[in-house]
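This report concerns only the one structure given below.
Readers should treat all values here as calculations from the given coordinates under stated rules, not as data from a laboratory. Worth saying up front: this structure is predicted, and the values here are computed from it rather than measured. Please note: Cβ atoms are built from the backbone with ideal geometry, for glycine as well, and neighbour counts cover all protein chains shown.
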Amino acid sequence: MRNRTTYVIMENEMKSDTSDNISLANEDVNFDILKDIENQTSENIRQKRAHERITIKVHVILQPGNSSACLDFKVQGVTGDISSGGCRSMFPIPVTVGDIYRLQFDKSQLDIPLVFARCMRCKLISEDAFEAGFAFFQAIRLPEEHPVPGKSELL
């Protein structure tokens with residue numbers, strides 16, 4: 001009988017030690033998560049971006065990237081910002097996330113060549129406005145001098 005009591009006491013002590021270690025590990029993880037959340041300020045997020053963004057409104061034509069579907073539809077939108085790695089644009093219809101598109105920017109507003117890009121996200125802004133984020137397949141070179149943000153006319 002004494003042996004069984006000893007084992008039960010030892011087993012309970014081991015469980016207690018294990019739960020204390022798990023509790024300490026959870027506290028460390030929680031602390032790391034809290035520090036990460038604290039560091040997610042808009043300035044820190046901007047610094048982590050791969051490319052600097054320019055806030056600019058430029059007309060853009062969107063077409064499917066597949067040459068056999070290129071003439072299926074053509075939609076005009078306007079950019080919100082652009083970087084050498086991608087852009088954020090507004091369109092009157094939703095853009096399919098994951099699909100590849102041709103983006104042609106209005107050369108009179110911003111001299112950038114035709115680019116192929118993947119839609120990374122699309123968000124409903126209002127009933128007839130959708131914000132889409134694109135990642136370019138090849139980085140572009142932005143002109144040194146670009147129009148003053150907001151000077152270009154909206155649609």
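A straight chain from Leu124 to Lys107 at 0.36 nm per residue would run longer than the Cα-Cα distance by 3.4 nm. Highest mean packing first, where packing is the average number of other Cβ atoms within 10 Å per residue, the peptides 68-79, 93-104 line up as 93-104, 68-79. Between amide H atoms placed 1.01 Å from N, distances below 5 Å from Ser84 occur with Glu52, all of them 5 or more places distant or on a separate chain. When restricted to Cα atoms, region 54-136 yields an Rg and a Dmax of 11.6, 33 Å, respectively. What's the local net charge at Cys119, with K and R +1, D and E -1, over the other residues with C-beta under 14 Å away? Result for the local shell: +3.
Could you list Ile140, Ile112, Ile82 in order of exposure, starting from the residue whose Cβ has the fewest other Cβ atoms within 10 Å?
Values: Ile140 18, Ile112 23, Ile82 26.
Arranged by neighbour count, lowest to highest, Ile140, Ile112, Ile82 become Ile140, Ile112, Ile82.
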